[in-house]
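Working notes, beginning with the structure itself.
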Amino acid sequence: MDVKNNQSCFCHLKDSDGNIYVVKDKEAREEIAAVKKNVKEIEKVGLNGLTPYLVNALMEMFGTNGSKGIAYNLTDTYATCSGRGDCTDIHIEIGAMAQGLPVTKIEANAFINQVDLGEVVIPASVSEIGNSAFAYCDSIGTIKLNEGLTKIGDYAFNQLAYNLTEIEIPNSVTHIGNYAFGSCFVLESVRIGKGVTYLGDGVFNSCIKLTDIYYAGTQAEWNAISKGSNNSELTSVRVHYNS
């Protein structure tokens, strides 16, 4: 979407279909200025009054629409990421917005068995990663999770076998599902935010190189986390508190 800001009159917005939208420039400039202060908050600002076409324009301007070709399912109020679609990128970024709607979830099995993926970036708008969403994506080496994510589903990142050596789980995450990071054979260290209240069965099962967990809370808070079965890795590694 092209954006032209006419200082004397209007802000003209043109979408990919050639449709042109016009917004009084004072209003548009104020909205754009507000968003520029914190690009990561675009989706939040969008939910508080920005028109969908202006949100799309801002997303394109600031590069937060994600990788081209990613597939989304739309509802009346939000969107979910359903898979890779036509995207051929090896390093992919999930969009924070799709057709003016916030992307709030990555669906179950969305990217399962995409063995050529190398990097995945998930925006702050996404609160849930579904079951097996990235399972068996053997070659992923980098996962970037943002504050705003609250739930990582069962087997979500299971068997990222060859390149993933570290992962950081933000403070906003409260639930990490069964075998979510199981069989990540070269995973060496994990950072876990203090918001986690549940670690499912075998969260790091068969992570044979895992040696260190860095936990943002205290030892007492770590001990208070509900933990499932088959979690010997949680006791055999070094746990660093307040880290």
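The values are calculated or read from the model by the stated rules, or taken from the named source; none is laboratory data. This is a predicted model, so every value here is computed, not measured. Positions of Cβ are backbone-derived with ideal geometry, glycine not excepted, and every protein chain shown enters the neighbour counts. Each accessible area value is taken on the protein alone, full model and side chains, heavy atoms only, with ligands, DNA and RNA left out. Shrake-Rupley method; radii C 1.70, N 1.55, O 1.52, S 1.80 Å.
Here is a list: Glu119, Glu168. Which entry is open to solvent by 50 Å² or more (accessible area, probe 1.4 Å) and within 28 Å of Thr211 (Cβ to Cβ)? Before you say what the answer is, go through the steps one by one.
Values: Glu119 fails: open to solvent by 50 Å² or more (accessible area, probe 1.4 Å).
Unique residue meeting the criteria: Glu168.
Assess whether Val190 counts as being among the hydrophobic types (A, V, I, L, M, F, W, C), without any contact (Cβ under 8 Å) to a residue 40 or more places away in the chain, closer than 20 Å to Asp86 by Cα and not in a loop (DSSP other than H, G, I, E, B). Give the derivation first.
Working: among the hydrophobic types (A, V, I, L, M, F, W, C): yes; without any contact (Cβ under 8 Å) to a residue 40 or more places away in the chain: yes; closer than 20 Å to Asp86 by Cα: no; not in a loop (DSSP other than H, G, I, E, B): yes.
Judged against the criteria, Val190 is not a match.
Based on what the data block shows, is Ser183 part of a loop (DSSP other than H, G, I, E, B) and modelled with pLDDT under 95? In short, no.
Within the stretch 102-121, does at least one residue satisfy the condition of being at pLDDT below 95 and either in contact with a Phe, Trp or Tyr (Cβ under 6 Å, 6 or more places away or on another chain) or aromatic (Phe, Trp, Tyr) (or both)? Yes, some residue in the stretch 102-121 is at pLDDT below 95 and either in contact with a Phe, Trp or Tyr (Cβ under 6 Å, 6 or more places away or on another chain) or aromatic (Phe, Trp, Tyr) (or both).
Within this structure, Ala133 passes the test of being assigned to a loop (DSSP other than H, G, I, E, B) and either crowded, with 23+ Cβ neighbours inside 10 Å or in contact with a Ser or Thr (Cβ under 6 Å, 6 or more places away or on another chain) (or both).
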